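The values are calculated or read from the model by the stated rules, or taken from the named source; none is laboratory data. Just so it is clear, the structure is predicted and the values come from calculations on it, not from any experiment. Here the Cβ positions follow ideal geometry from the backbone for every residue, glycine too, while neighbour counts run over all protein chains shown. Each accessible area value is taken on the protein alone, full model and side chains, heavy atoms only, with ligands, DNA and RNA left out. Shrake-Rupley method; radii C 1.70, N 1.55, O 1.52, S 1.80 Å.
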Amino acid sequence: MTSEATVTRFAPSPTGYLHLGHVRSALEGWRAARSTGGRFLLRLEDIDQTRCRDEYAAAILDDLAWLGLSWDGTVRKQSEHFDEYRDALDRLEAMGTLYPCFCTRREIQAEIAQAGGAPHVPSELPYPGTCRSLGLRQRAEKQRSGIDYALRLDLARALALTGPLDWVEEEGEGPRRKPADPTSLGDVVLARKDVPTSYHLAVTVDDAIQGVTLVTRGADLARATHVHRVLQALLDLPTPRYRHHALVTDAAGRRLSKRDRALTIRSMRESGINSAEIIARAALAGEASGSFGG
Ligand SMILES: [Zn+2]
């Protein structure tokens, strides 16, 4: 813990209604900001315009206000900042840390299977690097042909530039330095042909632009922090502290998802549960399993 004013953010995607897990996350950030006289910021992660809806964005703001989790300043919408992500992408490109990948999802899975990777959770395995070794001419030809491609981070090149990295993880017992090891994520996608950003790039740029000093988010995103740390180093951005909290699970121990309609704040409100009770439930859900870093 530190006594300086902490700037935190809550950054949901408007692809559904908030559920108890979101409230747990928001509460963590809100308390950290309010207890230090800091700021609690709100950001809507709406890059994927095919899945995001205005009605969900409006509902998120309405639910947070109803819960008393007031935020400071204006809401940052990622879809309004593509130029800032494009700038960051251009800088990474100039450093030679990006390469175009033309693989389809199916091709990537086939490549992993052929290399003896576990086929049950292919999305959990890093990209096998097929397109990293394409010659300049092959790349240019494929790009000219108009097929879709993604821009991936060349992690080996990136790490050669940054050297070893770490960050401060705030855990139950107090802060400790955690070494960054992004190899399990591999060469992540940082942009697509038509979209100049991805989750990883936008979040890293946003946290810096918004002056966030403590990132509170679910343990499911702990793995992403390793690659965000690399992007911060490449782009010369400050590194916030991180607190990855345990996920809220249902009675069967499964993490909540947008499919669990009964556990949305919307439906709890409709069934007459008051805001204090929802806040208490969210706080309790977090304490029951404790927080941990991944
Ligand atoms: Zn590829």
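Tabulated results
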{"item": "Cβ-derived FRET efficiency at R0 25 Å, residue 72 paired with residue 176, nearest 0.05", "result": "0.30"}
{"item": "Pairwise label distance in nanometres, residue 53 with residue 223, each label 7 Å out on the Cα-Cβ vector", "result": "2.9 nm"}
{"item": "5 angstrom amide H check on residue 7, placed H, neighbours 5+ away", "result": "39, 213, 214"}
{"item": "Amide N proximity, the range 170-186 versus residue 4 label position 7 Å along Cα-to-Cβ, cut-off under 19 Å", "result": "170-171, 174-178"}
{"item": "Considering only the chain, percent of DSSP beta bridges that pair antiparallel, nearest 5", "result": "55 percent"}
{"item": "Over the chain, relative contact order from alpha-carbon pairs under 8 Å, at least 6 apart, %", "result": "24 percent"}
{"item": "Computed accessible area, residue 104, all protein chains, 1.4 angstrom probe, square angstrom", "result": "70 Å²"}
{"item": "Modelled FRET efficiency - R0 45 Å, residue 115 with residue 34, Cβ distances, 0.05 increments", "result": "0.35"}
{"item": "Under DSSP loop assignment and at most 11 Cβ neighbours within 10 Å, longest trypsin sites (Lys or Arg not before Pro)-free interval of the chain", "result": "1-253"}
{"item": "With at most 14 other Cβ atoms within 10 Å, longest stretch of the chain clear of loop GluC sites (Glu not before Pro) (DSSP)", "result": "5-172"}
{"item": "Helix-only [θ]222 nm of the chain, DSSP H runs n ≥ 4, -39500 (n - 2.57) each, per residue, nearest 500", "result": "-12000 deg cm²/dmol"}
{"item": "13 Å reach of a label modelled at residue 132, 7 Å along Cα-to-Cβ, counting backbone N of the range 170-203", "result": "182-189"}
{"item": "Rg(Cα)/(2.2 N^0.38 Å) for the range 165-252, N = residue count", "result": "1.14"}
{"item": "In the chain, lysine pairs closer than 30 Å at Cα, eight or more apart or cross-chain", "result": "4"}
{"item": "Cα-based equivalent ellipsoid, the range 1-126: semi-axes from gyration tensor eigenvalues, Å", "result": "34, 20, 17"}
{"item": "Relative contact order for the range 1-132, counting Cα pairs under 8 Å that sit 6 or more residues apart, in percent", "result": "22 percent"}
{"item": "Part-to-part distance (alpha-carbon centres) for the range 1-61 and the range 195-211, which is given in Å", "result": "15 Å"}
{"item": "Angstrom value of the Kirkwood radius, inverse mean 1/r, which spans all Cα pairs in the chain", "result": "20.4 Å"}
